[in-house]
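One structure below.
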Amino acid sequence: MKTDESQQPVAYDNQGRPLYLHPSENSGVQLNNNSINSSQTPHDEIEVVQVTRSTDPIAVSVSPEMARRHQESKQKYPFLNLTNGEYVISDVQRHSIGIIFIWATTILVSCLVVFGWWFLLAHPGTETASIAPESVIPVSMLTVGLVVFTGLIGWVFVSVYKGNKFFLTNESVIQEIQVSLFAKKEQTINLENIKDASFTQNSLAQQLFGYGTIHLSTEGDEQEYSFTIVRSPRKQIGIINNVIEAVKYGRPIDEALRDIPR
């Protein structure tokens, strides 16, 4: 026999009394002496709260301004999975010093390879020559191959570096993580779940060139998320904290952004 769900308690109050769904017309809730706990007196009243549930989800209201910003964000960042009415507030940029360091290292390694080639081919055909004349062409081809390979490795590191992205929206923080040239993952953190947002600058170079690491920690799982080599980390954390506060306390986000020092 199928049990009428309206006659089953859906919850209990802090005194252990049942809370029911709204009963049907022909199945009213009846209380008898057996439903009264033995610890209650005859003067105690048992309260039955009728709860109704909406069968249709409530549509989220999106203002024309939010819809416009949402469309602009979808066009500018088509790879992001934005919900209805969600738009990008800040595209957190990584500092260009990371790319400079990668290419500087690549050029240094290439120069060492070329220097090694020059050292091997010094005074060819003489007694002080390091290799035989017939080996000049193979060694030269090998050197060119190593230089090209070093440049290719540098390009891969730059592509992975640029592939790591961090976005702040009016609902969440979205981080695109480029693990390798062909491996990428995305993680999204709801703004209401962020417990703490901070930044660190742990060296003189970071303070001189204006970059650092931003950290986000969430409630519950105590997990920490970080994004390294961020340009102007103090400013970015100020924006993130103001937006989080505006979302949690229902303040207008535009007003929160005006409080950020330029």
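Couple of notes before you dig in:
- Among strands (runs of 3 or more DSSP E) entirely within segment 154-244, having at least 1 residues that are of a type outside the set (D, E), more than 20 Å from S73 (Cβ to Cβ) and touching a residue at least 12 places away in the same chain (Cβ under 8 Å) singles out 172-178, 194-200, 211-218, 224-231.
- Residue ID - farthest from the chain's Cα centre (by Cα), chosen from residues in segment 49-80 that are of a type in the set (S, T, N, Q) and modelled with pLDDT under 75: Q50
- Within segment 70-122, the set of residues being polar (S, T, N, Q) and not in a helix (DSSP H, G or I) comprises N81, T83, N84, S90, Q93, S96.
- Conditions (1) within 14 Å of the chain's Cα centre (by Cα); (2) loosely packed, with under 12 Cβ neighbours inside 10 Å; (3) not hydroxyl-bearing (S, T, Y); number of the one not met by L168: (2)
- Any chance I244 is in contact with a Gly (Cβ under 6 Å, 6 or more places away or on another chain) and of a type in the set (A, V, I, L, M, F, W, C): no
- The single condition among (1) modelled with pLDDT of 90 or more; (2) under 18 Å from the mean Cα position of the chain (by Cα); (3) loosely packed, with under 15 Cβ neighbours inside 10 Å that E222 does not meet is (1).
- Scope segment 198-223; condition under 16 Å from Q187 (Cβ atoms) and among the small types (G, A, S); matching residues: S217, G220
- Qualifying residue in segment 235-253 (condition: among the charged types (D, E, K, R) and either over 17 Å from N193 (Cα atoms) or more than 19 Å from the chain's Cα centre (by Cα) (or both)): yes
The values are calculated or read from the model by the stated rules, or taken from the named source; none is laboratory data. Bear in mind that the values here come from a model prediction, so they are computed numbers and not experimental data. Please note: Cβ atoms are built from the backbone with ideal geometry, for glycine as well, and neighbour counts cover all protein chains shown.
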